[in-house]
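Quick notes on the structure that follows.
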Amino acid sequence: MAETAVSSSSGLAAAQPAPATSNSLLNAITSRLVIIVPYLWLLFFFLIPFAIVFKISLSQTAIAMPPYTPVFGVDGFFDALSQLNFDNYVWLTEDALYFNAYVSSVIIAAISTFLALLIAYPIAYGMARAPTTIRPTLLMLVILPFWTSFLIRVYAWIGILKPEGLLNQVLLATGIIDEPLIILNTHIAIFIGIVYSYLPFMVLPLYSSLEKMDYSLIEAAQDLGCPPISAFWKITFPLSLPGVVAGCMLVFIPAVGEFVIPDLLGGSETLMIGKTLWNEFFNNRDWPVSSAVAVILLLLLIVPIMIFQSAQARAQEQGR
């Protein structure tokens, strides 16, 4: 009987680790699924659409539906390779219109991002230093414009900025100006539209960085005789740099390819790559060239971001 009890107890002891093993296996599967989900998202909503656009950019224009010669069809691999055509990319280097559109888009997006940073930083700083009880309300006020359609908000600026609009009426009534200002269909209107539309994307990352900052560091610097301006540039701004970088990327990247704001507020003379891309697709019906424009635009935005992220990762590893 004693031997039987010992053997049964040893059998129970040997059987006890099984639930722990099954739990660890379940945790491993769950962690891998969590990692797979974002990769699947990138695959279906980024890589596959990019591959389709890149495929069209290597084709030739044709009078058909769709208006290009298909490549990578049911033919053999080498037959498909013989159909590839890089003339569209060569054409982009020969026509100055596309180069000027890229340069103009980058300049307008950079200026708009800088203006958005100048406006958003004091707002985010004030929100971060506000009492804790009213911070959710201030955060809601920043997000509130997203409750209205983007197109309606841009159209509203037409009514404000046009010569007989609200802004000119107020300035004329107060005697500040003698004749209406010409703001609509200028670069100033584009800057106003981009800064207004993308300002929350700059405020939110800045607020996230400033809200987590330890403000006792500023008090310590002031106790040691550091002026407030010096304390800001030496302590506050460096600690908020992650929010500054994130906000600038969230504003600059969509602003480069913006189409609605330049088309409605900038007029027909505005040269930006988003409008050029739309004209190639819908007016000229040249899908291969427009796809090549889109591919180059994506590479111009993605490559610098990847280089920056790799450099930042190396800096963090060296800091450790």
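Simple rule: put +1 on each Lys or Arg Cβ and -1 on each Asp or Glu Cβ in the chain, find the dipole, and look at Leu210, Pro67, Trp91; the Cα lying farthest toward the positive end is Leu210.
Every Cα-Cα pair in the chain was counted, and those over 31 Å apart are 55% of them.
Magnitude of the charge dipole for segment 153-272, about its Cα centre and with charges confined to Cβ atoms of Lys, Arg (+1) and Asp, Glu (-1), is about 200 debye.
Apply 1/(1 + (r/R0)^6) to the Cβ-Cβ distance of Ser216 and Gln309, taking R0 = 25 Å, and write down the FRET efficiency to the nearest 0.05. Computed FRET efficiency for Ser216 and Gln309: 0.20.
Taking the Cα centre of the chain as reference, the dipole from Cβ charges on Lys and Arg (+1) and Asp and Glu (-1) amounts to some 720 debye. When peptides 176-185, 283-292 are ranked by their average number of other Cβ atoms within 10 Å per residue, the highest-first order is 283-292, 176-185.
Ignoring lysines fewer than eight residues from Lys212 along the same chain, the ones with Cα atoms less than 22 angstrom from its Cα are Lys234.
Contact order for the chain, expressed relative to its length and based on alpha carbon pairs under 8 Å spaced 6+ residues apart, stands at 25 percent. Membrane-span-like helices of the chain, defined as complete DSSP H segments with a Cα extent of 15 Å or more along the helix axis and a mean Kyte hydropathy of at least -1.0, are identified as 2-15, 17-42, 96-129, 150-161, 187-211, 241-256, 287-319.
Annotation: lysines with alpha-carbon distance below 23 angstrom to Lys275 (same-chain offsets under eight excluded): Lys55, Lys162. Considering all different alpha carbon pairs of segment 95-285, the Kirkwood hydrodynamic radius works out to 18.8 Å.
Can you put Asp223, Asp87 in order of Cβ neighbours within 10 angstrom, beginning with the fewest?
Details: Asp223 8, Asp87 14.
Final ranking by Cβ density, sparse to dense: Asp223, Asp87.
Considering only Leu139, Ile48, Gly159, and ranking their Cα positions along the charge dipole of the chain that arises from unit charges at the beta-carbon of Lys, Arg, Asp and Glu, the one farthest toward the positive end is Leu139. A DSSP coil position with no more than 13 other Cβ atoms inside 10 Å describes the following GluC sites (Glu not before Pro) in segment 224-303: Glu269.
On full extension, the segment bounded by Asp223 and Thr93 gains 40.9 nm, given 0.36 nm per residue less the C-alpha separation. Of the residues Tyr198, Tyr98, the one with the fewest other Cβ atoms within 10 Å heads the list, and the complete ranking is Tyr98, Tyr198.
Residues Arg32, Arg153 in ascending order of nearby Cβ atoms (within 10 Å, fewest first): Arg32, Arg153. If R0 equals 22 Å, the separation of the Cβ atoms of Leu118 and Ile253 corresponds to a calculated FRET efficiency of about 0.70.
Only the coordinates and a few stated rules stand behind these numbers; no lab work does. Note that the structure is predicted; figures quoted are calculated from it, not measured. Using ideal geometry, Cβ is built from the backbone for each residue, glycine included, and neighbour counts are taken over all protein chains shown.
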